[in-house]
Amino acid sequence: MRERERRSTPRVETGVLTRPRTEPGQRFLDGFFRQTLAWPKAQVTVALPRLERWDRAIPWERVAPLLAFGGTLALGAYLRSVFVLTSDFPLNDGGLFYAMVRDLQRAGYALPATTSYNEAGIPFAYPPLAFYLAGLLDSLTPLNLLDILRFFPLAFSLLTMFAFVGLARALLKPGLPVVAATAAFALWLRSFNWEIVGGGLTRSPGFLFALLSLHQLYLLYTRQGRRHLVLASVFSGLTVLTHLEATWFLAFSGLLVFLAVGRSRQAVIDSAIVAGATLALSSPWWLTVLLRHGLSPFRSATDLGFAPDLGIDLGLLRLQLTEEPFFPMLRAIALLGALVCVRRRWWFLPAWVVVAFALDPRKALTWGSVPLAMMAGIGIAEVVLPAVSGRRTRPLRSPAAALAFALILLFTAKAQLDARHPVLTTLPPAEREAMAWIAEHTPEWSTFLVISRDNWPDDRSSEWFPVLAERVSVATVQGHEWLPGFSEEIARFQAVQACADLDGNCIESWSRRHEVEFTYLYVAKRPPVNRGGDCCVALRNALAHDPRFQRVFENAGAVIYRHLPQPDLPGCVRRALP
């Protein structure tokens, strides 16, 4: 009889892309968290001994996931906030965006034709939504623009964690995999390091809107409904108006979602409606740019500045996916999750990683943090914790598994805090003081060559120089992605930065070869990003005895030289010069 009842009882399994049913009549707060976590209820009631009143009084099956979920979000918020709150200036970059916001304000919030940044004639072609928001906040709140460049990216990065939760709930099993994936994403360095810096003014909201749009696209393909159609269109339009690379991420990721769950006639119609609505919502920006500048800025923006296959070779094939210091904990667990996906023939997440590296190698580590975090969640929930607890279901009920989960989170967070992340630092106060001196004591027509030995995306000295010094920097790359010859600008920049380890002859040779004139030389003293020690000791020692460079200012941050015409030298010496 029991065997017959057991066979007649339907067996319910919760798989990928499914949700368990919830009971009505719950209190609002309890219902909110249950909908967020979708944590399944116990199926068997067990009588507890008298000595376990404490366990009986606290519903651990509800409390454990809530504690895990809340703890991961709090830890992720702390990890993002600590870098911003301990600085007095925007992290890393943001000088170009500072100038563009000021240009927008001076134009009465009408879109300017070009930006004044570095007097380079750069088209004002960047998606402007974040600039409008920053300008309005600067005008209507006590915050100044530098404060906005600090806190605006951070706020949107915090919201991105919640957007990830919604997407993870749609794609993964409910319960522990969602909590574990959220933990991995919250602690994954590449999910936020370039989003909380000054340049994150556009990157961070672009990432947020792209994730929100992907979530709505998934719901549109699986549930349909006008609400999801409208929200997908709105969030896609906001993505286009905020960040072009986030738009590209949304485009290829949305196509993957369509191929996975949306291959139907209605899904094709809905996709066309979303695409048309997105173009319509963003048309005030791109139509204005097209009428003023044509397709040239957009063609220039497709220049990555390096070989397109480089990111795949170095990042994906060598499994350099997380940039974790010390032991790559999350990377190892994500690979376990990838094996689980492959074994179950669920190719969506592994394919998403490969496509991200293939189609956008420059930002692949950021976009790839989304599927990699989900695979890490699968690895934690279905491999690591069950192995520790010896339980296939509800492994967090085991103290050993709960402790292992906590240790994974704490180890990852502590490793990120202890490691040096030069990108998450600011332009030193001494350099800001040197640039202020330049603004006050040099002619307005002066042009400067800035040497810092950094790669161009990390070179905060070159990017902030035109804003703080109010002078032209002849080798600054930022902004040239909207002009023809972006790769050539990068090559020219890298060539002159190599002179940091040489002498004045190298600088003079670079000036003649590229036909670049400058009146002053600015040599930074800080350690280069991703390198140790003082960047330019050899160059400064050589310039101390070079009559072509006269030192006019020096402090703890930089040395400034006046570039003098080459004096009359004997013929043999002149021929020896490169």
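Quick one: which residues, 5 or more positions from Leu91 or on another chain, have an amide H under 5 Å from its amide H? H modelled 1.01 Å from N in the peptide plane, none for Pro or chain starts.
Sorted by chain and number, the residues that satisfy this are Gly198.
Which of the peptides 373-380, 405-412, 259-266, 192-199 is most tightly packed, and how do the rest follow, going by the mean number of other Cβ atoms within 10 Å of each residue? Don't skip to the answer; put the middle values down first.
Numbers: 373-380: 28.2, 405-412: 18.6, 259-266: 13.5, 192-199: 25.6.
Highest to lowest by the protection proxy: 373-380, 192-199, 405-412, 259-266.
If you line up the Cα atoms of the range 104-244 on their principal axes, what length do they span on each, largest first, in Å?
For the range 104-244, the Cα extents along the three principal axes come out at 53, 33, 29 Å.
Given R₀ = 45 Å, FRET efficiency for Asp418-Arg513 by Cβ-Cβ distance, to 0.05? Mind dumping the intermediate values first?
Numbers: r = 43 Å, r/R0 = 0.96.
According to the calculation, E is roughly 0.55.
Quick one: which residues, 5+ away or cross-chain, put their amide H under 5 Å from the amide H of Thr114? H built at 1.01 Å from N.
Phe124
Kindly rank 334-341, 276-283 from highest to lowest mean number of other beta carbons found within 10 Å of each residue.
Values: 334-341: 20.8, 276-283: 15.9.
Final packing ranking: 334-341, 276-283.
Remind me, what semi-axes does the range 225-282 give for its equivalent ellipsoid, largest first in whole Å, using sqrt of 5 times each Cα gyration tensor eigenvalue? Could the numbers behind the result be given before it?
Working: eigenvalues 68, 39, 14 Å².
They are 19, 14, 8 Å, listed from largest to smallest.
Radius of gyration and Dmax for the range 91-131's Cα atoms, expressed in Å?
9.7, 29
Give me a comma-separated list of calculated 3J(HN,Hα) values for the range 108-119, in order, Karplus coefficients 6.51, -1.76, 1.60 applied at θ = phi - 60°, integers in Hz, x for any Gly or Pro.
Result, rounded to whole Hz: x, 6, 8, 5, x, 6, 9, 9, 7, 4, 6, 6.
Considering amide H positions built from the backbone, and no H for Pro or chain starts, which residues 5 or more places from Val552, or on another chain, come under 5 Å of its amide H?
Ile560, Tyr561, Arg562
Which whole-number value in Å² is the accessible area per residue of the range 392-526, probe 1.4 Å? Let's see the in-between values first.
Details: 5430 Å² over 135 residues.
With all protein chains present, the range 392-526 gives 40 Å² per residue.
The values are calculated or read from the model by the stated rules, or taken from the named source; none is laboratory data. As the structure is a prediction and not an experimental result, all values here were calculated from the model. Neighbour counts are summed over all protein chains in view; Cβ atoms, including those assigned to glycine, are modelled from backbone coordinates with ideal geometry. Areas reflect the complete protein model, heavy atoms only, side chains present, ligands, DNA and RNA absent. Shrake-Rupley method; radii C 1.70, N 1.55, O 1.52, S 1.80 Å.
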